Each structure stands twice: as structure tokens, then as C-alpha cells.
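For reference, the structure discussed in these notes is given below.
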Amino acid sequence: MASSLRSRFWRSVLRKIFMETGLTIQAERLRSIKNSTYHMPFPRSVRVEDLDVAGLQSVSITPAGADEKQVILHLHGGGYVTGSIGAYLMLCIPMAKSLRTRIILPEYRLAPEHPYPAALDDALKAYRWLLAQGYAGSSIILSGDSAGGGLCLATVQALRDAGEPLPGAVLCMSPWADLTHSSQSHKDNIQSEVLLRTDMLRLWASYYAGTADLKDPLISPVFADFKQFPPLLILVDSGEILFDDARMVAERARAAGVDVTLSVWAGLWHVWPIVGDLVPESGQAFDEMARFLGRTLPR
């Protein structure tokens with residue numbers, strides 16, 4: 001299916017915005033916040049409240065008619081060096097409304113100030129906090145985009161290895177799952193990529209990993225053992241330099257017997273649902289998530 005006129009417009013705009021290179025981490029963070037102001041009015045039917053989640057600054061995003069028994073823990077992207085609550089309301093508010101499910105959006109610690117395993121430790125704290133609130137593991141949906149998608153996969157590994165309750169499902173949007181950047185899509189998709197550059201990702205990976213091995217499965221989940229993982233939905237655009245990250249995770253998880261859906265889109269960009277209601281393909285992605293959750297979660 002061809003991409004919409006609106007998505008083609010925003011694809012062009014985003015390419016121009018992200019042409020500026022060599023920004024400091026602070027400048028990247030400021031750009032992320034500035035970009036998040038270009039959004040449609042948020043619906044009044046969705047309630048956004050500040051929340052302390054195990055000491056992490058967070059928000060609770062609750063749409064009208066939400067299923068009180070289920071919750072989504074969303075781990076935001078940003079290469080482990082940027083990203084914030086303010087920058088991700090544009091994604092999470094329409095997502096919560098479409099899925100009719102409460103979303104908890106925490107701010108985990110960022111590199112280079114807080115390298116690995118700080119982000120993973122914070123993700124685990126947030127998940128365990130939800131368990132302590134009375135949610136069953138099977139009623140928690142773990143969601144993430146880009147670095148947050150990789151962090152979701154690392155979180156499930158750590159929970160499984162610790163013998164703790166696992167989430168009922170995992171949603172990954174364009175996961176950054178191979179911080180060695182050794183796959184072919186970094187070469188094949190260099191012209192079609194809209195937002196990212198491999199040299200920038202290499203720098204951010206070094207900030208995040210610090211002295212740890214980039215092939216550690218908790219840093220690069222493409223090297224993980226996926227046995228016992230919950231059902232997994234991965235959405236990715238075919239023109240991303242991270243396309244192979246999504247493909248390889250799906251292949252390894254499927255080989256381990258996991259219920260995996262790899263949804264490949266075309267003509268969009270890395271984590272396109274982040275622009276929310278600006279493009280119809282965001283709603284279509286949320287609809288696909290809803291169908292996947294309806295099929296995989298206990299009723």
C-alpha cells in the first residue's frame with residue numbers, strides 16, 4: 001500500500017530537520033523537545049497525570065474507557081542519550097486512546113551521564129513497581145521504540161533470567177537491537193534513511209555501553225536467547241538503516257519458538273508513529289497493535 005500524501009510531506013520535512021549533524025547531546029535533547037511541539041491538539045478524553053514510579057519521574061496516560069486490568073509500560077527511544085516525557089506524549093497519547101489502555105511513561109536515566117546498566121535498572125524498577133501495584137505480569141504490555149524497543153527486549157531477558165513474571169506481550173517499533181551496527185541494512189539503506197546515521201549511532205552506543213561489550217545481549221538483543229519470550233510484535237520500515245535489527249530479532253525469536261509478528265512497512269521512516277495524528281499511518285500502526293493484543297492476550 002502506498003504511503004499517504006501527509007506522510008510523504010512529513011517525510012520530506014523530517015529529512016530536512018535531521019540534516020543538521022554534529023550536534024552535542026544537549027543540542028540533540030533540545031531538538032527532541034522542540035520537534036515534539038508540532039502535534040495535533042491532544043484529545044480531552046485522555047487524562048495525563050504526573051506519577052512517581054519507584055522514584056522515576058513518570059506520567060500516567062489514561063484514555064476514557066480504559067481496561068483497568070491492563071497497562072502498557074512504554075520505554076521511549078532516543079538512542080539512550082535523549083528522549084523525555086515531553087517528547088513522547090505525541091506518540092503515547094494517541095496510542096493510549098487507540099488501544100484503550102493506560103500507558104505509564106517513565107523517564108529512565110540517560111547516557112553519557114548514566115551508562116549501562118542504568119536504563120535497564122530503571123526499566124526493571126518501573127516494571128516491578130507495576131507488579132507491586134497489583135498488575136499481573138500477563139496484564140502488563142511492554143512497549144518501546146528505537147532504543148526503547150531494544151530496552152524492552154533486554155528487560156524481558158533480565159526478568160526471565162531472574163525467574164520473575166513476564167509481560168503478556170511486547171510491542172517494538174523500529175527497535176535498535178544491534179549496537180555493533182554490523183548488519184547489511186546500514187549500507188543498503190543509507191540513501192532511504194530519513195532520521196539516523198550509523199556514525200551517530202556508533203557514538204551513542206559508546207556512550208551507553210561504556211566499558212561493557214557491545215555484543216552483550218542485554219545491550220544488543222540480537223544476540224539474545226529468546227526462549228520463553230512472550231508474544232512479540234515488531235513494526236519497522238523497509239528503508240531504515242535499522243531494518244536488519246528488526247528482521248534479525250524476529251528470526252532469532254521465531255527460531256526459539258516465540259509467537260512473533262514482523263510487520264514491514266514501506267515509504268515511511270524510523271518510528272513513524274512518533275508523529276502521532278499528523279499522519280494516518282500512526283493510527284494504522286496502532287490498529288495493528290490492537291489486533292495483535294486482541295489475539296495474544298488473555299481475555
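A short reminder: the numbers here are calculations on the coordinates, not readings from a lab. The structure presented is a predicted model; accordingly, all values stated were derived computationally and were not measured. Backbone-built Cβ (ideal geometry, glycine too); neighbour counts: all protein chains shown.
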Do any of 187/227; 16/187; 97/125; 34/97; 97/215; 16/97 go past 32 Å between their Cα atoms, and which?
97/215
Give me the mean projected area, in nm² to one decimal, of the convex hull enclosing the Cα positions of region 22-155.
8.0 nm²
Please report the net charge: other residues with Cβ closer than 13 Å to the Cβ of residue 78, K and R +1, D and E -1.
0
Could you point to the label whose value was computed as Rg/Rh (Cα atoms, Kirkwood Rh) for the structure here, given [x] 0.92; [y] 1.25; [z] 1.16?
[x]
With residue 87 itself left out, Lys, Arg at +1 and Asp, Glu at -1 over residues whose Cβ is under 15 Å from its Cβ give 0
Expressed as a whole number of Å, what is the distance separating the alpha-carbon centroids of region 68-91 and region 174-225?
20 Å
As an exercise, identify the chymotrypsin sites (Phe, Trp or Tyr not before Pro) in region 1-81 lying in DSSP coil whose Cβ has no more than 14 other Cβ atoms within 10 Å.
38
Region 149-240: trypsin sites (Lys or Arg not before Pro) falling in loop per DSSP and having at most 12 other Cβ within 10 Å:
227
Ellipticity estimate at 222 nm from DSSP helix runs (n ≥ 4, -39,500 (n - 2.57)) divided over the chain, nearest 500:
-12000 deg cm²/dmol
